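Structure record follows, encoded as structure tokens.
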Amino acid sequence: MAFTTRIASQGNGVPDWAIIYSDYEGVEARALEFLSGEFAGVVLRKAGEYVVPSMPCVKATADFPQCNGIVLGRWERNPLLQALLKREEIPQDGYLVRVVDNPGAAGTQLILIAGDTPSAVLYGAIDFVDDGIPRLAPRYGNGLFYQHLLGSERVPSYESRRAPETKWRSVFTWGHTFTDFRKYIRQLARMRFNQVIVWNEFPPLNAQEFLDYAHSWGIQVIWGFSWGWTNGQCKSADVTKLEDYRKDILQQWHDVWSKLNGDGIYFQSFTECNEQSRGGRTIADAVVELVNKTATEILAETPSLRIIFGLHASSVKSHLDTIAKTDPRLEILWEDLGGFPYDWNRPFDETQEMELTKALFAQKRSMGLVFKNMLMMEWTRFCHQVAPYVMGCASPLTVAEDEAIHAPMWTQYNADWIARADIAYRFAKAIHQDGTTQELNIAANLTDDTRFATAFAAELFWSTQEPCQAILERVLRRRWIR
């Protein structure tokens, strides 16, 4: 059935709009799902009126629609995008959003959302909803009227052409601390994260369900577990027992984590302390020995496996020459490089932190950096996992109670990030300019609705091509950010 030539009016003053999409599968299905829901909610529904319109979604053909439309998808898969855009206009790994006149019907318009990849299609849809619509909505007197934006009035000119400067934009979390894994994944995707590191002491029973859902939103899952901690306490680790640790890690890998079909593994070892040596040798030397021997065996069995080494700088920063001997097949994710934005409870010295950051650049190896200064677990009351469990399926009452407890804390973190936005921007800018860092990570407990601090950091991870003030303003305009 060819619905693209003419789409009937829904009546009741509902604007005549349709989404003309390329594919309804994988991440592009999520893009259409997101755009349809958000667009209809903002534009087709009127506040205070019980009118329930549907959002027409039509498979793209070479025919231009006889109504206003949003053309969504990859250039190669959408003939309308091919007719209206040049392929080279779409940046690598990025997207282009542009408002144009509709050649098929006088007086109507098309909003083009073209992505280089399926994930980029989703990010383009997010751009239009979160950043485009707030800028385009007309203002009358003291009001802001979204529902009239795409009604009788023409859509103002809008263009956004963006691509990520960071390959892996990730979040680290303890698996049992987030309450609703579907909401969690949707929120990460909306902030354009594409990786989540989930730390567990025991595997979640619904690991495959979580993995499949994350993949459907373009997010890779890295399973995290301990390499050489003793009863969860790295400070009590015995560096004379590296061989025992190695055997235990390999057994855990074979018996548990290799069976969970993740996109890689992440580990931390006995580096989360301030001492530089233990048991007559430097912590740097001991951890590199353990890591290299263990990783060599794992990679001999699974050569393509991504292994991310979570390394705390506090115990090894005086021995970077030793850390440089880490197997180059591993990615090092550096943590605790100093105060803001790298940590929440360490003294801040921008000069020293920038010098250490640049010293890591000088190693010229695949690595990532962790930003913090956001809500973490309450370590004095922390409950360890004691057995396999169901992850992220708490009741709505639990979700609401946790959010009420966390809200005043997030107020303080948001204030820190607003007041220090320029500092975080300078670090992210330096990281992007160097180009060594492949991953930027947030370590935080992001179980609630999305807060400004997280959304702003995510924007810095994506790109710092714009001035800090422009990024700050864009995030503050988003209606769903608290």
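A few points about this structure:
- Relative contact order for the stretch 17-161, counting Cα pairs under 8 Å that sit 6 or more residues apart, in percent: 27 percent
- Over 21 Å between alpha carbons, listed pairs K317/K372; K325/K364; K183/K429: K183/K429
- On Cα atoms only, tilt of 452-462 relative to the major axis of the chain in degrees: 90 degrees
- Computed FRET value (nearest 0.05) for L305 with E159, which takes r as the C-beta separation and R₀ as 45 Å: 0.65
- Each peptide among 209-215, 69-75 gets the average number of other Cβ atoms lying within 10 Å of its residues, and from highest to lowest they stand as 69-75, 209-215.
- The Cα-based radius of gyration and maximum Cα-Cα distance (Dmax) for the stretch 383-482 are 16.3, 48 Å.
- Between Q469 and S395, the C-beta separation translates, for a Förster distance of 45 Å, into a calculated FRET efficiency of about 0.60.
- Computed FRET value (nearest 0.05) for R479 with S236, which takes r as the C-beta separation and R₀ as 45 Å: 0.40
- Spatial separation of Cα centroids for the stretch 63-85 and the stretch 418-482, in angstrom: 32 Å
- Helix 283-301 vs. the chain, principal-axis angle (Cα, 0 to 90°, nearest 10): 60 degrees
- Fewest neighbouring Cβ atoms within 10 Å first, the residues I222, I423 line up as I423, I222.
- Compactness index (Cα Rg / 2.2 N^0.38 Å), the stretch 258-326: 1.20
- Considering all C-alpha pairs of the chain, those separated by over 33 Å amount to 42%.
- For the pair the stretch 302-366 / the stretch 184-261, the C-alpha centres are spaced 20 Å from each other.
- Length gained when the stretch N292-T351 is fully extended (0.36 nm per residue, less Cα-Cα span): 18.0 nm
- Peptide ranges 186-196, 156-166 listed from the most packed, as the mean C-beta count within 10 angstrom indicates: 186-196, 156-166
- Debye intensity ratio I(q)/I(0), log10, the stretch 17-161, q values 0.09, 0.14, 0.17 Å⁻¹ (C-alpha model): -0.25, -0.61, -0.90
- 0 to 90° range, to nearest 10: angle between helix 421-434 axis and the chain longest Cα axis: 80 degrees
- Each peptide in 108-121, 301-314 gets a packing score, the mean of other Cβ atoms within 10 Å over its residues, and the list from highest to lowest is 108-121, 301-314.
Taken together, the values in this text are just the output of simple stated rules run on the coordinates, not laboratory data. Everything quoted here is computed from the prediction, not taken from an experiment. For neighbour counting, all protein chains shown are included, and Cβ atoms are generated from backbone atoms with ideal geometry for every residue, glycine included.
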